[in-house]
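The values are calculated or read from the model by the stated rules, or taken from the named source; none is laboratory data. Please read these numbers as outputs of a predicted model, since none were measured by experiment. With ideal geometry, Cβ positions are generated from the backbone for all residues, glycine too; neighbour counts draw on all protein chains shown.
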Amino acid sequence: MNLAVNARDAMPTGGKLSIGTANVEFDQTYTRNHPGSRIGNYVLLSVTDTGTGMDAATVSNIFEPFFTTKERGKGTGLGLATVSGIVKQSDGYIWVDSTPGKGTSFEIYLPRFLGQVTTEMPEGDDSAQMLRGSESILLVEDAQPLRKLAQAFLTGVGFRVLSAGSGEEAVEVAAHSGIAFDLLLTDVVMPGMNGRVLAEQLSRRLPAMKVLYMSGYTDSFIAGHGVLEPGTHLLQKPFTEDVLIRKTREALDGGKKAVSNLSDVADFSERASGPVHRRN
């Protein structure tokens, strides 16, 4: 749906939207030339438009959370990040080709089931395994697109996540879920009950629960909310998937580093790869 909406928006004077499927096999040559892809059989879903297209600089950033080329108020910058998150969560691969003035084509490859499922860990993936988790997290964020994206990122690496759109709703979720949450991940500034008050209320009931705050406001603004005290964990928006997971793992493990800053988001590993020349 996100890809179709983006295609529509890219064709303000009309055009052609094409959606196709196919069975595809990736061989060693293809995967060697396309980082992130893996040998195997896939189902291809392609979404192509004849719209305005994008230049290479734009394509290199389109999967970053909060990145958008739309006018202010016309887009959240989370649509393609959500698409990328879903594909990664499904162990798939996404590729994009775009030419200014000619249109854009997205190709999503999802693993095709051919028999008994076997799981093999890629070599050198110990660090990725350390960032996985099975703990229970209560996610509180009043912006629904960001809440859904963060939940997809966290569940994708094994965490059990329940979410709420406000502090008041979070109190209800905690009261009726029967779960002893290991972590509260909450926005600081929200309508009604703010994140600090929420954390104080829930901590009385769940004293072992860790807290990770997130905010897009400056330190001076949120200082009055009491979340910059020594030992407090704070995640600065905008954040990438990697930063979110690392800060979550850090808060749960009680790491010494407490506050992330915007330099943490300078490197974002999920980039669009080059054109497909060969699949098998």
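Data for the structure
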quantity	calculated
Residues of the stretch 52-77 classified as at pLDDT 80 or above and assigned to a loop (DSSP other than H, G, I, E, B), total	4
The stretch 36-53: number of residues that are at negative phi and more than 22 Å from the chain's Cα centre (by Cα)	9
Subset of the stretch 196-224 (residues that are modelled with pLDDT of 90 or more and among the small types (Gly, Ala, Ser))	Ala199, Ser203, Ala208
Tally, over the stretch 28-39, of residues that are farther than 27 Å from Ala7 by Cα and in contact with a helix residue (DSSP H, G or I) (Cβ under 9 Å, 6 or more places away or on another chain)	2
Pair list, Cβ under 8 Å, 6 or more apart: the stretch 30-43 residue closer than 10 Å to Tyr109 by Cβ, other residue at pLDDT 85 or above and among the aliphatic types (A, V, I, L, M)	Asn41/Val24; Tyr42/Val24; Tyr42/Leu110; Val43/Ala22; Val43/Val24; Val43/Leu110
Lone qualifier among Leu131, Leu154, Leu139 - being crowded, with 23+ Cβ neighbours inside 10 Å, out of contact with any Phe, Trp or Tyr (no Cβ under 9 Å at 6 or more places or on another chain) and farther than 17 Å from Val189 by Cα	Leu154
Residue that is surrounded by the fewest Cβ atoms within 10 Å (Cβ to Cβ) [pool: residues in the stretch 81-102 that are β-branched (Val, Ile, Thr) and out of contact with any Lys or Arg (no Cβ under 8 Å at 6 or more places or on another chain)]	Thr99
Every residue from the stretch 8-35 that is assigned to a helix (DSSP H, G or I), out of contact with any Ser or Thr (no Cβ under 7 Å at 6 or more places or on another chain) and either surrounded by 11 or more Cβ atoms within 10 Å (Cβ to Cβ) or not assigned by TED's automatic domain parsing to the domain that holds Val59 (or both)	Arg8, Asp9, Thr29, Asn33
Hits in the stretch 1-31 - residues which are out of contact with any Gly (no Cβ under 6 Å at 6 or more places or on another chain) and among the small types (Gly, Ala, Ser)	Ala4, Ala7, Gly14, Ser18, Gly20, Ala22
Qualifying residue in the stretch 88-109 (condition: modelled with pLDDT of 80 or more, in a loop (DSSP other than H, G, I, E, B), of a type in the set (Lys, Arg) and closer than 25 Å to Gly40 by Cβ)	no
